[in-house]
Structure formats: structure tokens, C-alpha cells
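Bear in mind these aren't lab numbers, they're just calculated from the coordinates by the rules spelled out. A quick note: this is a predicted structure, and the numbers were derived from the prediction, not measured. Methodologically, a virtual Cβ is constructed for each residue, glycine included, from the backbone with ideal geometry; neighbour enumeration extends over all protein chains shown.
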Amino acid sequence: MAKLLLNLRNVPDDEADDVRALLDAHAIGYYETRPGPWNISLGGIWIRDEADVVEARRLMAAYQAERGARARAAYEAARRDGTAGSFWSVLRAEPARVLLALFGILLALALVALPVLLIGR
């Protein structure tokens, strides 16, 4: 029976391509399912043979650790260079978007608090 190796929801294309290449390089049989038209159903990379699942998961763990280390190193380099994004840099670059987002957050909090305030009367 096939086992899910990677859920493709919110996975960047380069990561999915890396996983496919990794499985191909180690001759591990897999197939891929695409998400449904409204992204309700699961899209993923599935391992065909149950005997390959342990090896695929081991390779996946090593790949994810290496990818995480690369991402942390890139973030640290961007932070040292001053090019890493922060709240203040986004506020300076796109003040209207930030203010609209803050307004939306305050509106949502008010809607959540409204029943409590009405019940407390």
C-alpha cells in the first residue's frame, strides 16, 4: 500500500522538484497526486512500495535538515546585510497595506469581543 511522503499543500515548486529528483536518484518508485480544483483534496508525493518507505523518509529527513540549514544561513546573511524583511521595512515600503491589515485585525477582534460585551450588559 502506498504511503504519503510529502503533502504538497503550500510546498514551493523548487522543494517538490528537489524531492522528485532525490527519489529518482535513489530509484525509489513514487507517484504524485494533484490537489483538487478548490484545494480541498490532498495533493502529495506517495511512495509506491512499502519496502522503500523507510529509506524515503530517511532521505527526506536529511534533505529537510539540509534545506533548513540553507534557509537559516540565507536569513542570517540577509539579516547581517540589512536586507531581511521586518515589520518596519514593510511599513515603510507599503504603508497602505500594513494599515489595512491592522484595520482588519482590529475589526476581527472587535467582532469577537462584541458578543462578550453584549452578554455582559
Who wins for biggest fluctuation among L109, L99, L23 in a Gaussian network model of the chain, springs between alpha carbons below 10 Å? L109
So if I take the centroid of the Cα atoms in the range 72-121 and the same for the range 10-45, what is the distance between those two points in Å? 32
GNM top mover of A25, A108, A73 - the chain, alpha-carbon springs below 10 Å: A108
With Cα coordinates, the longest principal axis of the chain makes an angle with the long axis of helix 95-119, in degrees rounded to 10, of 70
Over the chain, relative contact order from alpha-carbon pairs under 8 Å, at least 6 apart, %: 22
FRET efficiency (K3, A71; Cβ distance; R0 30 Å; to 0.05) is 0.70
Can you give the percent of C-alpha pairs in the range 34-105 whose distance is more than 20 Å? 65
Identified option (computed Kirkwood radius over Cα pairs in Å; candidates [x] 14.5; [y] 16.3; [z] 18.6): [z]
Cα pair distances exceeding 13 angstrom across the range 1-67, given as percent: 62
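Determine the dipole magnitude for the range 48-95: charges of +1 sit on the beta-carbon of Lys and Arg, -1 on that of Asp and Glu, nothing else is charged, the reference point is the Cα centre, and the result goes in debye to the nearest 20. Mind dumping the intermediate values first?
On the way: 9 positive and 8 negative charges, 58 e Å.
Result for the range 48-95 is approximately 280 debye, rounded to the nearest 20.
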Rounded to whole Hz, the Karplus (6.51, -1.76, 1.60) HN-Hα couplings of the range 13-24, x for glycine and proline: 4, 5, 5, 4, 5, 4, 5, 4, 5, 4, 5, 5
How far is helix 53-81 tilted, in degrees, relative to the longest principal axis of the Cα atoms in the chain, given as a value from 0 to 90 rounded to the nearest 10? 40
